[in-house]
1. Along Cα→Cβ, 7 Å out, is where each label goes; now give me the distance between the ones at Trp27 and Ile10 in nm to one decimal.
2. Thr95 to His69: extension gain in nm, 0.36 nm per residue of separation minus the Cα-Cα distance?
3. Multiplying the sequence separation of Leu18 and Ser44 by 0.36 nm and subtracting their Cα-Cα distance, what value in nm do you get?
Amino acid sequence: MDALEWNFLISGMTPERLDLPNPDPSWIEPPVWSEICGMAGVPSMAGIAADFAKHAREWRLVFESTTPHTDKYPGCGAAYDLADPATSLKRLALTR
């Protein structure tokens, strides 16, 4: 278990936050985008904000889903599998 991933999962705290423009403010509210940018401050999830922006349309489907915890995630999120201990915290952090 990665300590920085765990810390982000339980507190939302990261060593640093990226400051990237919100790719779609029509549905991604500022606090949500701030959390995604915060995730990118965890080295093992460094590319998540840029990847999220690239796949914003697909992420919206996950965001609006009634079962986001079991849905397939787009982009690099597709590699985060709840059944895999190495990536399950990343998936939970995205669901958070």
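1. In this crude spin-label approximation the distance works out to 3.3 nm.
2. 8.7 nm
3. Gain on extension, Leu18 to Ser44, equals 7.9 nm.
Read the figures in this text as sums done on the coordinates, not as results from a lab. Keep in mind that what you see is a predicted model, and the values were worked out from it rather than measured. All Cβ positions, even for glycine, are placed from backbone atoms using ideal geometry, and neighbour counts span all protein chains on display.
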